Amino acid sequence: MVTFELLDEPDSSITEPSTALRRQIQHLFGRSLHIRHVDAGSCNGCESEIKLLTSPYYDIHRLGIFFTTTPRHADLLLVTGAITRAMVDPLQRTYAAMPEPRLVVATGACACDGGIFGRSCLTLGRLSAILPVDTYIPGCPPTPLALIHGLLLTLGRAEQRLHRQILAHHADGKA
Amino acid sequence: MELGWLLRGWRTGIVTTPYPTRPDPPPQGFRGRPQLDGERCRIDDGCTVCVEVCLPRALRLETVPNGLDRRLVLDLLPCIMCGLCVQACPTGALHMQSDGELAVRSPQDAQTIVPLEMEVSSDGHI
Ligand code: SF4
Ligand code: SF4
Ligand code: SF4
């Protein structure tokens with residue numbers, strides 16, 4: 001059954017960090033970044049890919065990117081999972097404990113826009129509902145290379161490849 | 001014994017990926033992500049096969065804010081890259097493409113949109 005609904009555009013004042021702040025962050029964190037990873041209801045698929053980032057093959061330490069176990073030492077909050085309601089408060093407290101300026105990255109289909117779990121009585125279905133998200137890394141789960149690209153994009157060390165595309169449409173047999 | 005390990009390390013060389021300095025091609029069999037070709041899509045003729053098979057509603061029909069026109073949207077953010085839509089599409093308008101650099105700064109950048117012009121009566125039926 002096909003359903004129709006009104007567009008649900010996120011409020012840009014909450015979700016868009018200012019350009020000046022973004023430039024300042026890129027200047028400060030360009031070559032050194034510490035990540036705090038928080039699982040907010042993930043199936044652990046995303047975690048197994050994130051874990052590979054520190055393996056000898058992907059080795060993000062060579063890029064000056066490290067994981068830390070405390071938000072007080074972190075510059076970037078990496079969130080996975082469909083944001084269960086039980087994790088909203090811990091997530092907000094983690095964000096509050098991080099020193100400014102701070103970055104937030106939504107990882108995987110779940111944190112980006114609900115994925116297979118979506119919005120329900122138990123999940124918010126997207127990270128942008130509670131925190132200002134700087135970068136979205138889609139994929140279920142995203143590959144380690146996609147994660148590296150997402151992190152470098154956040155730091156201004158990579159360019160974005162995808163852009164909103166509005167396609168011309170000509171169905172066959174139409175005038 | 002130690003010499004053996006040294007030789008082994010020397011022969012193996014560097015195993016770390018060259019990415020991001022040079023591209024690292026995905027392994028064989030990597031499915032990638034769906035891509036939509038607006039020229040071949042038959043949504044104007046009432047085809048909604050892909051919209052029906054997509055579990056996370058990454059492919060959906062949306063009402064344009066003017067309230068009259070609709071559009072088919074392929075949104076990569078909720079997409080789980082399962083490939084069901086590619087198998088289901090009768091015209092081959094959808095195909096899987098194995099590119100890995102999908103991160104975006106704004107949710108809108110992950111969308112591919114096919115605009116649609118149809119007569120919509122006041123009760124919402126075509
Ligand atoms: S995006 Fe996919 S792999 Fe990651 S937590 Fe969600 S369901 Fe699991
Ligand atoms: S199934 Fe293929 S032809 Fe039909 S609406 Fe989807 S993309 Fe278009
Ligand atoms: S690949 Fe799967 S989740 Fe993505 S648009 Fe197609 S059917 Fe939907």
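Since every read-out is calculated from the coordinates, none of them should be taken as a lab result. Fair warning: this is a prediction, and the values are worked out from it, not measured in the lab. Counting neighbours? That spans all protein chains shown, and the Cβs are built from the backbone with ideal geometry, glycine included.
So the values come out like this:
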quantity	calculated
Every residue from region B:82-111 that is at the interface with chain A (Cβ under 9 Å from one of its Cβ atoms), under 16 Å from A:Leu162 (Cβ atoms) and within 16 Å of ligand 2 (Cβ to nearest atom)	B:Gln111
Odd one out for B:Arg22 among (1) facing chain A (nearest Cβ under 7 Å); (2) of a type outside the set (S, T, N, Q); (3) out of contact with any helix residue (DSSP H, G or I) (no Cβ under 8 Å at 6 or more places or on another chain)	(1)
Elements of type helices (runs of 4 or more DSSP H) in region A:77-164, at least 2 residues being surrounded by 20 or more Cβ atoms within 10 Å (Cβ to Cβ) and within 16 Å of ligand 1 (Cβ to nearest atom)	A:108-113, A:144-154
